[in-house]
Structure formats: structure tokens, C-alpha cells
Amino acid sequence: MRVEEVPAGRRHTVRPTPGRARRTAVRGLLFGTIAAISLAGCTSAVTGGWTEDGTEAGYVSGDGTVAMWDAADRGEPVRLVGTDFAGADVDTGAWAGDVVVINTWYAACPPCRAEAPDLVAAATDYADEGVHFIGINGTDDAGAAQPFERNFQIPYPSIHDADGTAIAALQGRVPVEAVPTTVVLDRQARVMGRIIGRLDPTTLRELIDTALAETP
């Protein structure tokens, strides 16, 4: 694995050597830099992604890129408002001062299914530390989404984003280039880290730990 550190405010991708599958985790995340790593095994093409300029890309392959932003480059806070698949209101503004993990998904997405147990485990382990998880699903109706939530025993809500309002609010702060994408918000609700494609659980936990360790 090769990891290249770059100045804050820039994003860099390091690709694995062709033909060699790699499973990687972020090690030594440095505050004030953006680390970008390619994680092998997450190259299944999926639909519903977004390009860097915020337009819908349609058919996108998540490559597992990991990025981390310095506090000075995190921009404005993110607030997601909507209803879940049971019709209950969801508003991340109620979690002010806490770390928030956002995950985009849909039921027929293979990497979404593969990473679901890792998200459930992290949500359970960090619940007592005030870390909140929330999903965004703009593809499924309740008939497809709720069996997925029951099957994987998802303990957190997902916004039923049929009109794209939630993804648009997130897209205005950080490009969401593939499904799944996981975003970690700091205690000020700003984008601190992002994983494009199937997440590595060690990487996710290191991002959460870094966010928790920061002074509000």
C-alpha cells in the first residue's frame, strides 16, 4: 500500500498496482492533511452517483477513496431534514455538538449489503459516546428499504430521499460520487472525512475517533 500526504484543501487519490487486490485501512491519519487511499474489492459499478461539480453521474464505480479535511477547509455545517421509511421526522440539527456519520445506500447495492454489518457494529459501539448514524436512500420505496433495515437490524434511521433534498444538501458541502458513500461530520456538523465505496471498518472507526478527539 502506498499512502501520499498532500496539503490541506486538496484531494489526492493513490491507486493500487493493477492486478493486485488490496485491502487497506487508514493508518496515521494526520490532522491538517487530506489522506486518500484506494481500497480494493470495492470496484463494483453502481448507479446513482454524483460528479465533482454536483451533477448526477448515473453509472459510477466506487473505488474506496478516503479523504480527510483540515478544520479550516471544512466549510459550512451540514443539516439533513426529512422523513424515514416509517414516516417519522428526521433532523440532524437535533444532534448539535455530536459527531454524525452519514451513509448513502440502497437495498440492491452489493457493497451496501456487504458493509451494513460494519455500520451496525460501529453505530452500536459508539452510541454511548454520542455518535449518531443516519442513512440516505433516494432509490428505494419503503417496500424495498424496510426489509433491508430489518434484515441487517439497522439501529438508526434513513431519510427516504425520493425528491433528492437530503443528497442535495450534502452534495453542496462534499461531492458524493458513488453509492455507497460514507461521510463523517465533526462536532460542528462540518464534513471532516469521506469514504467513497465500500468502507473498511478500521478506517471508519479511526475517522470517528479523530472527530471525537477534537475540541468542540
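In region 157-174, the residues that are of a type in the set (Lys, Arg) reach residues that are crowded, with 18+ Cβ neighbours inside 10 Å and not in a loop (DSSP other than H, G, I, E, B) with C-beta atoms within less than 8 angstrom, at least six apart or across chains, in these pairs: ARG173/VAL191.
Scan region 194-216 for residues that are in contact (Cβ under 8 Å) with a residue 12 or more places away in the chain and not in a loop (DSSP other than H, G, I, E, B) and the total you get is 14. Kindly provide the set of residues from region 128-141 that are exposed (fewer than 14 other Cβ atoms within 10 Å of the Cβ) and more than 20 Å from LEU204 (Cβ to Cβ), ordered by number. Residue satisfying the conditions is ASP141 alone.
In region 157-175, the qualifying residues are those that are outside any helix (DSSP H, G or I) and open to solvent by 30 Å² or more (accessible area, probe 1.4 Å), and the one that is nearest to ASP186 (Cα to Cα) is ARG173. As for region 143-155, it holds no residue that is under 25 Å from GLY75 (Cα atoms) and open to solvent by 10 Å² or more (accessible area, probe 1.4 Å). Only a single criterion out of (1) of a type in the set (Asp, Glu); (2) over 20 Å from ILE195 (Cα atoms); (3) assigned to a loop (DSSP other than H, G, I, E, B) is not satisfied by GLU149, namely (3).
The values are calculated or read from the model by the stated rules, or taken from the named source; none is laboratory data. Computed from a predicted model, the values in this text were never measured in an experiment. Heads up, the Cβs are rebuilt from the backbone with ideal geometry, glycines too, and the neighbour counts pull from every protein chain shown. Just the protein is used for accessible areas: all its heavy atoms, side chains included, with ligands, DNA and RNA removed. Shrake-Rupley method; radii C 1.70, N 1.55, O 1.52, S 1.80 Å.
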